[in-house]
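K.L.:
Take this structure, written in C-alpha cells, and hold onto it; I'll ask about it next.
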Amino acid sequence: MTYLRLLWVFFRIGVLGELAYRVNFIVQLFQSLLGLGTALAGLAVVFSHTDTLGGWKPDELLALVGVYLLVGGAINLVIQPSMERLIESVREGTLDFTLTKPEDAQLLVSVQAVQIWKLVDVALGTGVLVVALIRLGEHIGFWQAAAFAVTLLAGGAIVYSFWLILATCSFWFVRVENILMF
C-alpha cells in the first residue's frame, strides 16, 4: 500500500510539473497522432498491394500497432524518464539524497519521474487495439483479457529489469546517457 501511495505522490508531482507547460500536451498529442498516422499510412500502402503480409491480415497488424503504442506509452510514462534521471543523478552525485530517504531506494529511483503526456500514447494504443479487435470480430472473454494483461505486466517487468541493468552501468562508466538508446 505504501508503494501505491508513493507512486501516486510522484504521479501528482509529475502532473503539477507538466501542467505548468500546457502547450506540451498539444505537442505530445500532435506527435502521437503523427506517429499513429505514419504507422497507419504504412499499413495502408503495404495492404494496397497485397492481402496478407507473412500470413498477417490488415486488422491483425492494426492490433499489433495498438499493442506497440500501448507498451511504448507505458514504458515512456515511467520507466524511461526514471532511468534517465537515475543515470543523471549518479553522474551528478545527487543519488545520495535518494539513498538517505527512509523508503526503498530502488522504488524511489524507479518512479521518480512521470511523463503524464505519454498517457496519450497509452490511450491511443488502447483505442487502436479495441478498434482492431472489433474489426476482427473476435470475442474476447474475461480470461483472455486477463491473460493479455498478465502478459503485458510480465513484459513490462522484463523491460523494466533490462532498463535497470543498463542504468546501473552508470555506476562504473561516467557518461552512459546514450546507452538507453539501445
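The values are calculated or read from the model by the stated rules, or taken from the named source; none is laboratory data. Everything numeric here is computed off the predicted structure, so don't read it as measured data. Cβ sites come from the backbone with ideal geometry, for glycine too, and all protein chains shown count toward neighbours.
K.L.:
Test Val128 against the stated conditions and say whether it is closer than 30 Å to Leu34 by Cβ, outside any helix (DSSP H, G or I) and touching a residue at least 60 places away in the same chain (Cβ under 8 Å).
P.N.:
So Val128 fails the test.
K.L.:
For the range 95-109, state whether one or more residues are assigned to a helix (DSSP H, G or I), at pLDDT 90 or above and over 28 Å from Leu43 (Cβ atoms).
P.N.:
Within the range 95-109 (the criterion being assigned to a helix (DSSP H, G or I), at pLDDT 90 or above and over 28 Å from Leu43 (Cβ atoms)), the answer is no, since none of the residues qualifies.
K.L.:
Scan the range 98-116 for residues that are among the polar types (S, T, N, Q), more than 18 Å from Ser170 (Cβ to Cβ) and surrounded by fewer than 17 Cβ atoms within 10 Å (Cβ to Cβ) and report the count.
P.N.:
Count: 1.
K.L.:
For Gly73, indicate whether it is at positive phi and either buried (at least 17 other Cβ atoms within 10 Å of the Cβ) or more than 19 Å from the chain's Cα centre (by Cα) (or both).
P.N.:
No: the conditions fail for Gly73.
K.L.:
What number of residues within the range 86-97 satisfy the criterion of being surrounded by fewer than 18 Cβ atoms within 10 Å (Cβ to Cβ) and on the phi < 0 side of the Ramachandran plot?
P.N.:
Selection size over the range 86-97: 6.
K.L.:
Surrounded by 11 or more Cβ atoms within 10 Å (Cβ to Cβ), over 20 Å from Val128 (Cα atoms) and of a type in the set (Phe, Trp, Tyr): which single residue out of Phe11, Phe30, Phe47 fits that description?
P.N.:
Phe11
K.L.:
Which of the residues spanning the range 1-45 are outside any helix (DSSP H, G or I) and not charged (D, E, K, R)?
P.N.:
Matches in the range 1-45: Met1, Ala20, Tyr21.
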